[in-house]
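To keep things clear, I will list the structure first and then write my remarks on it.
All of the numbers you see were taken from the coordinates with simple rules; none came from a lab. All values reported here derive from a predicted model rather than from experimental measurement. Positions of Cβ are backbone-derived with ideal geometry, glycine not excepted, and every protein chain shown enters the neighbour counts.
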C-alpha cells in the first residue's frame, strides 16, 4: 500500500437501522497515521457509522461506498474486517459468561495472526504478551481470568475494550464513546491506550460527546456529525469551539441535502 | 439470530452424523421377541448360576405384569410411537466371543470401528492410562490394565465375568439400589440384560486410574440392555467414565440400561458420562431411545456420589441419575449438560433423596435446545423427616438457539424436615446477536463464537469432568453444535 492511499475513504454513505435512515450521504477520508474525532448530538449517526465500519448485521447500507486501505470494506464479513485490522471499542460491551477473557483474547489474537501468516501464540507466550499490555492500560490481571465482562463495572468494561485494543494492535481503531461515564483516571487510561497505538501506519476514529477526551488524545481532525452527514470539519481547536457553543449553530437547514 | 447465522446453522445442521457406519461382523443373534425362553437363553449363554436366572425370570414376570396393566411410563415430556417389545432382538453377540489376552487377538475390523470412533484401545492404553472395558454390542471383547488393577484388589471388567468371579458381591448388591420392580424399563433390563461393567474397589483403596467403558450399539434392531454395578467399599475412591456412540440406523433402537452405585462409609464414586448416540435425522427419523435408570446409594457415613453427564445424542433421552443419601453427612452431586437439536427430545434430571443427617446435595443442570427440539429438566429433591440439617442447592439454566426449540423446567421439592435448607435457581437465555457480533468483531468466526458461548454456558459442568474427558466433551459439544445447533 502506498502512502497516498488513505486508510479509510467513505463516500456518499447511506445506512438504515430497521425503517429509520440514519446516515444520509456521509463523506469521510481518514489518512494513514491520522486520528480523527467525530462529535455530534445524540442521534446524529455516530454509532451507526462505527457499526457500519465494523459490519454489524442489523445496520443496512443502502448506498455509498467504503474503501479500507483501498479495498471494498463492505463486502467483508465482520470477522474478516477484524482480522484485516479494524477494531471497534464498543459503546456497550456485552457479557459472555463462562468464556474467560484470556481464552477469548488468545483466540482473537491467533485468528488475526493466522490470517497474517504468523505463528499462533501458545498460552505462555500469550500471557507474557498480555501482561505487558495490562500494564499499559492498568488492567487488573484478575479480570483476565474472569468471564468476558461478566460482572464487570461500567469502567472495567471500557478498560477491557482498551485492553483488547492494545492486544490486537489494530490498523484502524474505532472508539465508540469509550469515554462516556468514565472518571478522569479511567479517561487517562483510554487516552494512553489510543496514544500508544499512534503510529505512521495506524489510524483511529474517536467518537465522543465531550471535548475532555480530546485534551488527552489530540486529534488531527475533528468532524461534526449532524443528521447523518458531516456538517463541519476542522482541526483540534474545533472541539473547544463546540464545547463553548454547542451544536445548534451547525444544524442549519440540513434537510435540503438530505435526500440523495 | 441473524439471517446469516441462521443460514450457517442450517448448513451445519445438515451435516451427516459423523459416526454413522455399520461394522460388518457376523453376529450370533437370538430371534426377536420376549419370553421366558429368551431369558433362559441369555442366562445359559452366560453360564449364569441358578439364582441369577431366577432373578431374571422374576423380573420378566414383573415386566409382563406392568405391560398388561399398561404402566409404561408416560409422564415424561417426550412423544414416540408405542414400542412393540416383541419386535426387539434381546441377544446379539459378536461370534468371536472368546477370551482374549491381548489386543492382537481382536478382530481387526472391530479395532477399525473403535478407531473411527477415536477410541483406539492401543492408543488409550499407551497414552491415557485409562483402563477400557469396551462393550461391543452386548459382549465385552477387550479389557485392559486388568493386571495392574488386580494388584490393588480392584475388580473391574464385564458384568458376566464378575458373575463368575465374585458371585457373592453380585448377589449381595445387584438390584439393591434399583430393585427389579422399580420401574418399567428397570424390570425389562433386569430380565434381559446381556452385559455391562462391574467394579469393586476394596476398603481404603484409591483407584489409580479412571475406569472407562465405551458402549456401542451395532447390530440392527438390537436392544441394548446394559447392567452396571460399581461398589466402593469403606474409604475407597473411584472415578468411572462412560462414553457412547452408535452408528446410524433408520429404525429406532431401544436402550434401557441400569446403573447401580454403592458407596460405603467415607467412599467416593465419581461417575462421568459423555453420550452422543445417533439422534435421528433432522426430520426425527431414526435415532436411539435412551431410557436409562441410574441411581447411586450413599450407604455409608460421609460417602459421596457425583454424577456428571454431557448428553448430546439419542432421539429420546429419559434419564435421571439419582442419589439416595442414606449415610449421615453423605453428599450427592449432579452436574448435567443436555443438548438437543432437530427433533430430539430430552427429559432428564435427577433425584436427591435426603435420608441421613446433614446430607448435602448440589444440582447444576444446563440445557441447550436448538432446532425444533424439546429439552426438559425434571428434578426431585426430597428431604425426609430424619434428615436434620440437610441442604440442597439446585441451579437449572436453559439456553435456547433459534426460535423453534423449547426448554422446560420441572422442579419438585418435598421437604419434611424444617431444619433443612433448599435453594433453587433457574434461568432461561438465548444467544444474543450482540454476543455473536462482539466475538466476530474480534476476528472469531460465527461458528466458533457459538461454540465458545455454549461452552462458556456449560463451564460449571465441564470442569467437573476428568481432564481427558473434558477435552472430548468440549470437542463433542462443538461438533454437536455444528451438526445440531440450528
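Just so you know, the Rg over Rh for the stretch A:113-182 is 0.99, from Cα atoms, with Rh as the Kirkwood radius. Remark on chain A: hydrodynamic radius 18.9 angstrom, per the Kirkwood mean of 1/r across alpha carbon pairs. Between A:30, A:59, A:190, the GNM of chain A built on Cα springs shorter than 10 angstrom shows A:59 fluctuating the most. For the listed peptides B:43-54, B:193-204, B:147-158, a ranking on the average number of other beta carbons within 10 Å per residue, highest first, reads B:193-204, B:147-158, B:43-54. Between the Cα long axis of helix A:101-115 and the first principal axis of chain A there is an angle of about 70°, rounded to the nearest 10.
What do you get for the angle between helix A:154-168 and the principal long axis of chain A? Use alpha-carbon atoms, 0 to 90 degrees, nearest ten. For helix A:154-168, the angle is close to 80 degrees.
Counting each DSSP H run of 4 or more residues in chain A as -39500 (n - 2.57), what helix-only mean residue ellipticity at 222 nm follows after dividing by all residues, to the nearest 500 deg cm²/dmol?
Numbers: 9 runs with 90 residues, N = 260.
Only helices count here, giving -10000 deg cm²/dmol.
Once the Cα atoms of helix A:123-136 and of chain A are each reduced to a long axis, what angle between those two axes, in degrees from 0 to 90 to the nearest 10, is obtained? The two axes meet at around 50 degrees. Each part gets one Cα centre, and for the stretch B:71-89 versus the stretch B:278-307 those centres are 17 Å apart. Equivalent-ellipsoid semi-axes for the stretch A:17-149 (Cα gyration tensor, √(5λ), whole Å, largest first): 31, 18, 15.
All Cα-Cα separations within the stretch B:356-430 were binned at 5 Å from zero, giving a P(r) of 4, 16, 24, 16, 13, 10, 8, 6, 3, 0, each value a whole percent of the pairs. Under the criterion of Cα pairs below 8 Å and six or more residues apart, the relative contact order for chain A equals 27 percent.
The distance linking the stretch B:389-437 with the stretch A:20-44 is 45 Å (Cα centroid to Cα centroid, whole angstrom).
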